[in-house]
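To keep things clear, I will list the structure first and then write my remarks on it.
The values are calculated or read from the model by the stated rules, or taken from the named source; none is laboratory data. Note that the structure is predicted; figures quoted are calculated from it, not measured. With ideal geometry, Cβ positions are generated from the backbone for all residues, glycine too; neighbour counts draw on all protein chains shown. Heads up: the accessible areas ignore ligands, DNA and RNA and are worked out on the full protein's heavy atoms, side chains in. Shrake-Rupley method; radii C 1.70, N 1.55, O 1.52, S 1.80 Å.
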Amino acid sequence: MTYRVFWADSIADEVVERYGKGEVVVKCAASPSGGKHIGNINDILRGYFISESLKSLGVKTRHVHTSDDRDPLRKIPERMPDREGRWKVLSEKELKELGKYVGIPYVHVPDPFGCCKSWAEHFNNVWLEGVEALGVHVEDYSNDALYAAGKFEPPMRTILSDIPLAREVISRFQMNTPADYIPFNPICENCGRITAKATGVNLDDWTVDYVCESKSLAGEFEVPGCGHQGTTSLNNGKLPWRFEWPSQWQIFDVKMEPFGKDHYEGSWPSGQEISKVILKRQPPVYTVYEFFLINGAKMSTRHGNVFITQDMLDIMEPETFLYFYSLNPMKQKNLDVKNINFIVDAFDRFERIYYDEVETPDPEEKELAKRVYPMLPIDHRKVRIPYTFAAMVSVSKNDEHIIRTLKKTGHLPQDATKQQEQDALTRVYKAGTWARRYGPEEYNIEIKEKLEVPADMDAAEKDALSELASYIEAKHTEEETQYEIFEMAKRRGVKPGKLFKTAYTLLLGKPRGPKLGPFLLALDADFVAKRLRLEA
Ligand SMILES: [Zn+2]
Ligand SMILES: [Zn+2]
């Protein structure tokens, strides 16, 4: 196979080699268990790039997403996002109240926020609204609706018509498969939980006999059964995940599916086998991605480092976030939110490489930028204010002052269009949110509203700051300004450290802050001059 610089192109080649150039369904899925974190979104975004690669080869694609909403509620997350993507921490009482729904399909659990038809719909909405905000569109299907519409019937008939075979295949992967195992999980008509154990099926009547027993979900959560025995329709329940997944491949004729390492080691080996041996269908081309670490740790509520797309879009533009997922999926990455500026800077550079504005010694880097950048949904070239500078500028909190500062520092052209101003402000606000929410301490700053002269400030310092005020009013670079502050201190026999401390205290009310030279330039010049002259 031809070597490709972009990983998604290699996968697209593989798909075309196997299936030719007919329509390709790229599938992804999510279980609406709560706020779906940005590790989960790999499924969709990896699929997005593969889909784009296929399109460029002239292949028609459909990007199908299933909400696995007939899955049972397993665990109540301690915090969950509302429809706007804002996190809410649940009280003990709320947790307890929701606890009674454990074992019930997400689609039958009420929306904890009361704004959607169900728990499933709420979290699927939040999830896909995040995806939409990235400019990525998927065809969304509710698994529950697919079952209700009988879409699962053909694979179910095949699987359930030879239960001994199903049992034999699954026992190769699942230790201790019971001798009476039936690959179907009915929903108990008495308690509504997927705790019922199938004891017999009748394909002619399309029914299943069951007894509602206590059951361990995902091998972890013990859910009590109600003891009810009955017979119900085979539409009232679901295939176990290991059978459901290959059945979805059949229903949608899936030819490509990206998934994470967890599935690769778990349900993928059995899914392939079930697809080949039972459903007589070749499993799709696949790709596995590494989950990435957040702040050096696995994402978990316990670590308090769960982020959803909406969180990330508060601090970066959609294309920047998407760019992160175009990077090699096989390398484990660490998304360090505190130092997110490095990713934004890398994106800005990547964009400039695409536009031939920076030279790179690495020809592959250039080829990659030329290939991937056009896949990002960007409708116009945006002004990119360097991220940490934008974070500093944001403390002004006044659009007019911010624009004036950006023009003075050359970050915006004098004749900037409204669009350019808007793009610049967007970056400034996002960087500001980052600085205050996650940034390193020196960026987590607020301007001191009222002038308060530090008690230990002496005449020499006062004189130096006054000179600095005049210096700022003229046009100088960040480096020149930084250098000059040292010189002004030295000329008066003031310790530079003391002068810096006094300047920070005057501006921020605390003795430290971002590098002073660039910071002074990032603030509104009139304000800085007045404050340094102790006038306001
Ligand atoms: Zn809702
Ligand atoms: Zn029951």
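What to note about this one:
- Note on the range 328-349: residues that are surrounded by fewer than 21 Cβ atoms within 10 Å (Cβ to Cβ), over 14 Å from the mean Cα position of the chain (by Cα) and not in a helix (DSSP H, G or I) amount to 4.
- Selection status of SER53, touching a residue at least 24 places away in the same chain (Cβ under 8 Å) and open to solvent by 30 Å² or more (accessible area, probe 1.4 Å): no
- Tally of residues being exposed (fewer than 14 other Cβ atoms within 10 Å of the Cβ) and among the aliphatic types (A, V, I, L, M) across the range 66-117: 2
- Residues being open to solvent by less than 50 Å² (accessible area, probe 1.4 Å) and within 29 Å of ALA503 (Cβ to Cβ) - total across the range 422-437: 10
- Count - residues of the range 153-212 that are in contact with a strand residue (DSSP E or B) (Cβ under 6 Å, 6 or more places away or on another chain), surrounded by 18 or more Cβ atoms within 10 Å (Cβ to Cβ) and of a type in the set (D, E, K, R): 1
- Residue list for the range 483-511, filter: in contact with a helix residue (DSSP H, G or I) (Cβ under 6 Å, 6 or more places away or on another chain), in contact (Cβ under 8 Å) with a residue 12 or more places away in the chain and in a loop (DSSP other than H, G, I, E, B): ARG492, VAL494
- Checking the range 202-209 against the condition returns a match, with at least one residue being away from ligand 1 (no atom under 16 Å from the Cβ), in contact with a helix residue (DSSP H, G or I) (Cβ under 9 Å, 6 or more places away or on another chain) and not in a loop (DSSP other than H, G, I, E, B).
- The residue list LEU335, LEU376 contains one member that is outside the structural domain of VAL428 (by TED's automatic domain parsing) and closer than 28 Å to LYS515 by Cα, which is LEU335.
- Of all residue pairs spaced 6 or more apart or on separate chains, those with beta-carbon atoms under 7 Å, a first member in the range 56-68 that is without any contact (Cβ under 8 Å) to a residue 60 or more places away in the chain and a second member that is assigned to a strand (DSSP E or B) are VAL59/VAL24; THR61/VAL24; THR61/VAL26.
- On inspection, LYS418 does not qualify as open to solvent by 40 Å² or more (accessible area, probe 1.4 Å) and either in contact (Cβ under 8 Å) with a residue 40 or more places away in the chain or in contact with an Asp or Glu (Cβ under 8 Å, 6 or more places away or on another chain) (or both).
- Matching residues, the range 118-136, being open to solvent by 50 Å² or more (accessible area, probe 1.4 Å) and within 15 Å of ligand 1 (Cβ to nearest atom): GLU121, GLU129
- Search result, residues across the range 394-417 that are under 32 Å from the mean Cα position of the chain (by Cα) and of a type in the set (A, V, I, L, M): VAL395, ILE402, ILE403, LEU406, LEU412
- Listed conditions (1) of a type in the set (A, V, I, L, M); (2) open to solvent by less than 60 Å² (accessible area, probe 1.4 Å); (3) out of contact with any Lys or Arg (no Cβ under 9 Å at 6 or more places or on another chain) are all met by LEU507, apart from (3).
- ILE315 being over 14 Å from THR426 (Cα atoms) and hydrophobic (A, V, I, L, M, F, W, C): no
- Some residue of the range 171-182 being in a loop (DSSP other than H, G, I, E, B), outside the structural domain of ARG70 (by TED's automatic domain parsing) and among the small types (Gly, Ala, Ser): yes
- Of the residues making up the range 171-198, those that are free of Cβ contacts under 8 Å to residues at least 60 places away in the same chain, more than 14 Å from ligand 2 (Cβ to nearest atom) and out of contact with any Leu (no Cβ under 8 Å at 6 or more places or on another chain) are SER171, MET175, ASN176, THR177, PRO178, ALA179, ASP180, TYR181.
- Residue within the range 482-500 that is out of contact with any strand residue (DSSP E or B) (no Cβ under 9 Å at 6 or more places or on another chain), acidic (Asp, Glu), open to solvent by 50 Å² or more (accessible area, probe 1.4 Å) and more than 30 Å from VAL344 (Cβ to Cβ) present: no
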